Amino acid sequence: MRTFKQRVWVAILATSCGLAAGGFAGYLLGRVLTLNRTEARLEQYATRLIGEGQKSTAESRKVLAAMNASPFPRCSDAEINYFSKLIFESQYLKAGGRMHDGKIECSTSLGRATQTQVQYKPDIFQRDGTRLYRNLAPFRVGNETVIAIQLADSYIVYSPYNMKPVLNSSMQFTVTDVDAPNRAAGHIYGTAPKSEETYLVTNGQFRDGDYLYGTHCSPDGVVCVAAHVPISQAMLNNRLTVGGFVALGGLTGILVGFVCAVIYRRTKGFESQLLRAIRKDTLRIVYQPIVDLENEEIVEVEALARWTNEDNVPVSPDDFIKVAEERGFVGQITKLVVRHVLHDFAKTLRERPGFRVNVNIAAADLADPEFLPMLESALAQAGVAASSLGIEITESYTARQQVAKETILRLREKGHYVHIDDFGTGYSSLAYLHDLSVDAIKIDKAFTKAIGTDAVTVTILPQILTMADTLGLRVIVEGIETPQQARYFAQSEQSIYAQGWLFGRPVPPDAFLRLLEGKARIGEYEESIEGMGMVASSVSAA
Ligand code: C2E
Ligand code: MG
Ligand code: MG
């Protein structure tokens, strides 16, 4: 079936879009969380590294001071032994000794130097007077970075394995010597993806290009550490988190897409089906008699639209008229109803001048400049007088609308009989109705339902009837279902018309005509589930 196929396609499209959009949103969310979390971890890491750095620096300062205060002859066995003891007792140091003018004179690990010594140049002159050497060749161990610090004529060599316990496989870092605020004196340790000045900005977390950073400087501002990781690496490290968000987003997207498809089907699908039904003229019109309570003779009939949708489900006019009103095509339904009414009853209406068919119109019709000409030409074509076509306008449409007032005036001028429908549910007072100058009010079925109960609406009924009488308005009571309700209104002095299941359900035109012609009796309908369960499937012969 075409509609089923359409439904499946809409569902597939909506869920696919939902999956894509949800998955993408999930990825973005996962990415933001991952980056923020990684930045925070980088900063923690930098702080930890600075802590380690401070401990090792404090130790080297202490040992260097002790070495410079050596009581032994320079580079004597006694002094080297003395240095060895200091180094042995230290945690971070591997060797120490004497050097002068960049030349190593002796060391705890290599003993006294030979005559042909290489002259090393310090890599950094630090603020406190120490000199820093990166990779003094004699102490190199494999590819490890070996850092040596010289103060006066003594030096120490840090163990290249100091950093091992704090190394992190997923993050890298760089340690920078700072000689003035925001100025790097030199690179001490690690790798730096950018110029080190970039990292000295402040303690904290930041993103620069393809990298995430967490930075921390020592309290004295002499050394700064920047831990860093490429964004792609951070994403890879957190692929489970990101994947989880993508999956969650995708599932949510599918769910939202599906719900949207259902809503779309209920609104847009509903709308296009209704428009198709109007175009193909598959709406049906049923007719419900209105009787004079005095003799129970049919005096009017109300035309009511019926629609069974493409899934074979009857839809209430309350629902489809509302959608047609909201989407601005209710006028097409009004036109269709008028056409059907005249097709079904033109002959009857010509033959029975006192009989009337009422059609319901909407607010949009009142404001539509095409509405009155449409009515006029349809009536003229059918050869039916305007007085034979009654108009029902729901009370709420007329409230405080100048345009409603003018259209009602013109309808009455043409000879139409104008009813205010569902009276009592809207906002208009009876005095306002007088101002509107209508012919009749149809008291809403809510009032009828309340008869025999203590509901406050019942107490208002006599007032409504009296005032309608005073204003010369005909009263039609809707929703009469029981003889008790009929009796309540029949007792009134004034002439009252009634409409309701007691006097006949809405039926197709041929069934109604048989009723009207006395070939069938009121109340002998058999209910059918066809068309909202209100359509008679058969009418008993009289
Ligand atoms: P309405 O104009 O007040 O029509 C009377 C409604 O009361 C109809 O409902 C009718 O079937 C129902 N009814 C009649 N007798 C009884 C009864 O004894 N008991 C109960 N409980 N209900 C009864 P329906 O056909 O469902 O129509 C609902 C509303 O939809 C109508 O209320 C009218 O406002 C609107 N409508 C129906 N057809 C059209 C149409 O062609 N054009 C426009 N603009 N509105 C329409
Ligand atoms: Mg009505
Ligand atoms: Mg009504």
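Selection within segment 269-307: residues that are among the charged types (D, E, K, R) and in contact with a strand residue (DSSP E or B) (Cβ under 9 Å, 6 or more places away or on another chain). The member of this set that is most open to solvent (accessible area, probe 1.4 Å) is GLU294. The set of residues from segment 277-320 being of a type in the set (Gly, Ala, Ser) and farther than 18 Å from ARG505 by Cβ comprises just one member, ALA277. Of the numbered criteria (1) over 45 Å from the mean Cα position of the chain (by Cα); (2) in contact (Cβ under 8 Å) with a residue 40 or more places away in the chain; (3) within 19 Å of ALA303 (Cβ to Cβ), the one ALA386 fails is (2). Picking from residues in segment 107-122 that are assigned to a loop (DSSP other than H, G, I, E, B) and open to solvent by less than 80 Å² (accessible area, probe 1.4 Å), the one that is farthest from LYS94 (Cα to Cα) is GLN117. The criterion of at least 2 residues that are within 16 Å of ligand 2 (Cβ to nearest atom) and either over 26 Å from LEU283 (Cα atoms) or at pLDDT 90 or above (or both) is met by the following helices (runs of 4 or more DSSP H) wholly inside segment 443-515: 445-450.
Where helices (runs of 4 or more DSSP H) fall entirely within segment 320-397, those with at least 1 residues that are open to solvent by 60 Å² or more (accessible area, probe 1.4 Å) and polar (S, T, N, Q) are at 330-351, 371-382. The residues listed here are GLY186, GLY204; of these, the one that is in contact with an Asp or Glu (Cβ under 7 Å, 6 or more places away or on another chain), in contact (Cβ under 8 Å) with a residue 40 or more places away in the chain and over 27 Å from VAL157 (Cβ atoms) is GLY204. The set of residues in segment 432-451 being open to solvent by 30 Å² or more (accessible area, probe 1.4 Å) and within 15 Å of ligand 1 (Cβ to nearest atom) consists of LYS445, ALA446, LYS449. Scanning segment 304-319 for residues that are in a loop (DSSP other than H, G, I, E, B) and within 15 Å of ligand 2 (Cβ to nearest atom) returns a single hit, SER316. Here the condition is being open to solvent by less than 10 Å² (accessible area, probe 1.4 Å) and in contact (Cβ under 8 Å) with a residue 24 or more places away in the chain; of VAL222, VAL229, it holds for VAL229 alone.
Conditions (1) in a helix (DSSP H, G or I); (2) over 30 Å from PHE258 (Cα atoms); (3) open to solvent by 10 Å² or more (accessible area, probe 1.4 Å), marked per residue:
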| position | (1), (2), (3) |
| --- | --- |
| THR15 | yes, no, yes |
| LEU28 | yes, no, yes |
| LEU42 | yes, yes, no |
| LEU49 | yes, yes, no |
| ALA58 | yes, yes, yes |
| ALA66 | yes, yes, yes |
| PHE83 | yes, yes, no |
| MET99 | no, yes, no |
| GLU105 | no, yes, yes |
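Mind checking whether some residue in segment 401-421 is more than 16 Å from ligand 3 (Cβ to nearest atom), under 19 Å from ILE298 (Cβ atoms) and over 50 Å from the mean Cα position of the chain (by Cα)? Looking for residues that are more than 16 Å from ligand 3 (Cβ to nearest atom), under 19 Å from ILE298 (Cβ atoms) and over 50 Å from the mean Cα position of the chain (by Cα), one finds none in segment 401-421, hence no.
Cβ-Cβ distances below 6 Å connect the following pairs, each with a first residue in segment 494-505 that is more than 15 Å from LEU461 (Cβ to Cβ) and in contact (Cβ under 8 Å) with a residue 60 or more places away in the chain, a second residue that is charged (D, E, K, R) and in a loop (DSSP other than H, G, I, E, B), and a separation of six or more residues or different chains: GLN499/GLU478. Taken over segment 294-312, the criterion of being free of Cβ contacts under 8 Å to residues at least 24 places away in the same chain and closer than 24 Å to HIS416 by Cα is satisfied by GLU297 alone.
The values are calculated or read from the model by the stated rules, or taken from the named source; none is laboratory data. What you see is a predicted model, and the numbers here were worked out from it, not measured in a lab. Cβ coordinates were reconstructed from backbone atoms using ideal geometry, including for glycine residues, and neighbour counts include every protein chain displayed. SASA here: full protein model, heavy atoms, side chains in, ligands and nucleic acids out. Shrake-Rupley method; radii C 1.70, N 1.55, O 1.52, S 1.80 Å.
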